């Protein structure tokens, strides 16, 4: 079954980028923004949706004098992403 939260293209890209990392690893907001070639507002809105679904965590802190925002996939998010990828593969394999 399609996961409507992940299926949206920007959120799918976010989850794919996070799932390419080792479990527990995260990526800085600015790096994710650069990878996806998107704006702060657009990325922030999609991160909020993924956070509400329990698929990611967003940790904000200050390092030195600079704010740092790190994004990580949760175990629930990794499981949902794997299920969605399986759903997409099934479509491709049966086309």
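Only one residue in 12, 50, 43, 35 is modelled with pLDDT of 95 or more, touching a strand residue (DSSP E or B) at 6+ places or on another chain (Cβ under 6 Å) and either assigned to a helix (DSSP H, G or I) or under 24 Å from residue 90 (Cβ atoms) (or both), so which one is that? After applying the criteria, what remains is 50. Regarding residue 76, is this residue closer than 18 Å to residue 6 by Cα, at pLDDT 95 or above and surrounded by 13 or more Cβ atoms within 10 Å (Cβ to Cβ)? Considered against the rule, which asks whether it is closer than 18 Å to residue 6 by Cα, at pLDDT 95 or above and surrounded by 13 or more Cβ atoms within 10 Å (Cβ to Cβ), residue 76 comes out as no. Suppose the filter is in contact (Cβ under 8 Å) with a residue 40 or more places away in the chain, under 13 Å from the mean Cα position of the chain (by Cα) and part of a loop (DSSP other than H, G, I, E, B); does residue 21 pass it? Yes; evaluated as a whole, the condition is true for this residue. Among the residues of the stretch 17-32, the ones that are more than 16 Å from residue 77 (Cβ to Cβ) and crowded, with 17+ Cβ neighbours inside 10 Å come to 1 in all.
The values are calculated or read from the model by the stated rules, or taken from the named source; none is laboratory data. Since we're looking at a predicted model, the values are computed, not measured. Cβ: placed from backbone, ideal geometry, glycine included. Neighbour counts: every protein chain shown.
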